[in-house]
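Quick notes on the structure that follows.
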Amino acid sequence: METTTAEFEPKIIAFLCNWCTYAGADLAGTSRLKYPANIRAIRLTCTGRIEPMFLLKAFQEGADAVLVSGCHPGDCHYTSGNYHARRRWTVFRKLLEFSGIDPRRVLFSWVSAAEGRKWSELVAEITAQVRELGPFTSFERIVKA
Ligand code: FES
């Protein structure tokens, strides 16, 4: 049976920096802000830890989209990890495009520990965006190519 867009609940894997976005997501929860339950959070010490294999593995395991989110520029607890992540991001996007993955399925954001509301709005926004894109079904096709 095929899933319609109305029934489709995207699975979004989110790699979150422990010190900012993870804490911001926690704040959204303790503030009882409502947002879609489509995020599967994976906590990293810093977004500087992100690497292309994490993204590819997430898609291989069934993610419909991947989000990487951490401290705002200048706020990284390891000084420059988020700058490294941002630089890698440019390369990731090219790699994903080359692999046939729609770059709209890979998202990057800055959310601080004090931005619970921003987190809840971001999750609602990206969930709607990914729902529009539909399920990601092409990973096996990409791997077999
Ligand atoms: Fe948050 Fe580096 S500690 S991005």
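The values are calculated or read from the model by the stated rules, or taken from the named source; none is laboratory data. Worth saying up front: this structure is predicted, and the values here are computed from it rather than measured. Here the Cβ positions follow ideal geometry from the backbone for every residue, glycine too, while neighbour counts run over all protein chains shown.
Odds and ends about this structure:
- Scanning region 64-84 for residues that are closer than 26 Å to Val130 by Cα and crowded, with 21+ Cβ neighbours inside 10 Å returns Asp64, Ala65, Val66, Leu67, Val68, Ser69, Gly70, Cys71, Asn82.
- Residue match in region 9-26 (condition: surrounded by fewer than 21 Cβ atoms within 10 Å (Cβ to Cβ) and either among the hydroxyl-bearing types (Ser, Thr, Tyr) or modelled with pLDDT under 90 (or both)): no
- If you filter region 27-57 down to residues that are among the polar types (S, T, N, Q) and in contact with a helix residue (DSSP H, G or I) (Cβ under 7 Å, 6 or more places away or on another chain), you find that the one that is modelled with the lowest pLDDT is Thr47.
- Complete set of residues in region 39-54 that are farther than 19 Å from Tyr78 by Cα and touching a Leu at 6+ places or on another chain (Cβ under 7 Å): Ala41, Pro52
- Helices (runs of 4 or more DSSP H) fully within region 30-145 that include at least 3 residues being under 16 Å from the mean Cα position of the chain (by Cα): 52-60, 81-99, 116-133.
- Checking Glu9, Glu61, Glu51 one by one, the residue that is acidic (Asp, Glu), out of contact with any strand residue (DSSP E or B) (no Cβ under 7 Å at 6 or more places or on another chain), more than 13 Å from the ligand (Cβ to nearest atom) and within 18 Å of Glu132 (Cα to Cα) is Glu9 and no other.
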